[in-house]
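Peer 1: This is the structure I have questions about; it appears just below.
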Amino acid sequence: SKLKLMNLLAHYQVAAELYQDKVSSGVSTAVTALVDALKKQGDLHLQMCNYRDAVKFYTKALRYAKKVSPTMDLQQLRISLNMAKALVNIINRHAAGHRLLDSLLPLAARLGADAELAEIKALKSAPESADFLSLLKSLF
């Protein structure tokens, strides 16, 4: 339910703030926990259709994940894939979401991430809402 999601979101917000303080204090092991907390906040926003907030948290998570592993790994691929899902659902960022999916496709293949590869292909082959809107405009 939405109330449970909001309570869970509040929990992860508090956790992220605590991890952020530890990262600021120089505790290097807190970065991984911070990335997880930020990703979960993004996941909850995505689930609640708050796409702009989801992109914001995924961006923060990726920024900190780069500090842990400068090369793209499976975790960063999953975060990027979720960010692409959110971007595709934002009208003025739809094209950016598809460009991100295009760039994630070879990475998923290189990492051998079959589930993510299938999900990227499914998202790319899904009918675009922009095409539907242009069809409606042409009718009226």
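Peer 1: Leaving out ligands, DNA and RNA, what percent of the accessible area of the stretch 30-113 is carbon and sulfur, probe 1.4 Å?
Peer 2: C and S atoms contribute 55 percent here.
Peer 1: I've got another one for you. Using every Cα-Cα pair within the stretch 27-106, state what percent have a distance larger than 19 Å.
Peer 2: 33 percent
Peer 1: Right, another one. With n ≥ 4 as the cut-off for DSSP H runs, can you work out [θ] at 222 nm for the chain, using -39500 (n - 2.57) per run divided by the number of residues, rounded to the nearest 500?
Peer 2: So the helix-based figure for the chain works out to -27500 deg cm²/dmol.
Peer 1: Report the gain in length on full extension from residue 115 to residue 96: 0.36 nm times residue separation, minus Cα-Cα distance, nm rounded to one decimal.
Peer 2: 4.6 nm
Peer 1: If each of residue 50 and residue 63 carries a label point 7 Å out from its Cα toward its Cβ, how far apart are those two points in nm?
Peer 2: 1.8 nm
Peer 1: Kindly write out, for the stretch 87-102 in residue order, the coupling ³J(HN,Hα) from the Karplus curve 6.51 cos²θ - 1.76 cosθ + 1.60 (θ = phi - 60°), rounded to whole Hz, with x marking Gly and Pro.
Peer 2: Result, rounded to whole Hz: 4, 4, 8, 9, 3, 7, 10, 4, 5, 5, x, 5, 5, 5, 4, 4.
Peer 1: Calculate, in nm to one decimal, what residue 8 and residue 21 gain on full extension: separation in residues at 0.36 nm each, minus their alpha carbon distance.
Peer 2: 2.7 nm
Peer 1: Ignoring ligands, DNA and RNA, what accessible area per residue does the chain give at 1.4 Å, in Å²?
Peer 2: Per residue, the chain has 60 Å² of solvent-accessible surface.
Peer 1: What is the helix-to-structure angle for 2-24, meaning the angle in degrees between its Cα long axis and the longest Cα principal axis of the chain, kept from 0 to 90 and rounded to the nearest 10?
Peer 2: Tilt relative to the chain: about 50 degrees.
Peer 1: Can you match Rg/Rh (Cα atoms, Kirkwood Rh) to one of these, (i) 0.98; (ii) 1.07; (iii) 1.04, based on a calculation from the structure here?
Peer 2: So the calculated entry is the one marked (iii).
The values are calculated or read from the model by the stated rules, or taken from the named source; none is laboratory data. A quick note: this is a predicted structure, and the numbers were derived from the prediction, not measured. A quick note on method: Cβ atoms are made from the backbone with ideal geometry, for glycine too, and the neighbour counts reach across all protein chains shown. Areas reflect the complete protein model, heavy atoms only, side chains present, ligands, DNA and RNA absent. Shrake-Rupley method; radii C 1.70, N 1.55, O 1.52, S 1.80 Å.
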